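Everything below concerns the one structure shown next.
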Amino acid sequence: MQLYEGHPELLGATWSWTVETATHALRLVFGGVFERFPKAQLILGHMGETLPYLLWRLDSRARLAGLPQGLSKLPSEYIKSNIVVTTTGVCADESLQCALAALGEDNVLFSVDYPFEESETASRWMEQAPLSDEVRAKVCYQNAERVLGL
């Protein structure tokens, strides 16, 4: 794509995967998939591919442009009820706190990003992340048990 021409460092895991994956997720939201299938769940890696940071803006722009026909809720409502995110490849307290605040402690799952990141780095970070024992248990295994039916 011309968007990345001359900047190969933006391809793949650095940036383009995030943009493309977030775009696909938003196409599901705006395309009415979660309206038609309200129990459907999507798991997004990398702390939600930036979507938790953009909830207010997505709603603001959707209000301005008008919701697509057939949608009864704002984009953030679909994201909060139908998308869970993993910590995959993002070992940062700030990102974790944002995801938890934006989506709720029931919608964040711990994950590693092998072979792109070392699993030990993710594990050490999660053990030391500023979370209560209750929230850490949800993120580390209870949410996955519920979402995946384990």
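The values are calculated or read from the model by the stated rules, or taken from the named source; none is laboratory data. It should be emphasised that the depicted structure is a prediction, and the values quoted were computed from it without experimental measurement. When we count neighbours, we look across all protein chains shown, and the Cβ atoms used for this are built from the backbone with ideal geometry, even at glycine.
Here are the numbers for the structure shown:
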{"item": "Residue among Phe116, Phe110 that is modelled with pLDDT under 95 and not basic (Lys, Arg)", "result": "Phe116"}
{"item": "Qualifying residue in the stretch 59-76 (condition: of a type in the set (S, T, N, Q), surrounded by 13 or more Cβ atoms within 10 Å (Cβ to Cβ) and under 19 Å from Thr23 (Cβ atoms))", "result": "yes"}
{"item": "Selection from the stretch 82-120 of residues that are of a type in the set (S, T, N, Q) and assigned to a strand (DSSP E or B)", "result": "Thr86"}
{"item": "Residues of the stretch 36-48 classified as in a helix (DSSP H, G or I) and either basic (Lys, Arg) or surrounded by fewer than 16 Cβ atoms within 10 Å (Cβ to Cβ) (or both), total", "result": "1"}
{"item": "Hits in the stretch 26-35 - residues which are part of a helix (DSSP H, G or I) and out of contact with any Leu (no Cβ under 6 Å at 6 or more places or on another chain)", "result": "Leu26, Arg27, Leu28, Val29, Phe30, Val33, Phe34"}
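Residue-by-condition table, conditions (1) buried (at least 19 other Cβ atoms within 10 Å of the Cβ); (2) more than 14 Å from the chain's Cα centre (by Cα); (3) closer than 23 Å to Thr21 by Cβ:
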{"site": "Val84", "(1), (2), (3)": "yes, no, yes"}
{"site": "Ala101", "(1), (2), (3)": "no, no, yes"}
{"site": "Gly104", "(1), (2), (3)": "no, no, yes"}
{"site": "Gln128", "(1), (2), (3)": "no, yes, no"}
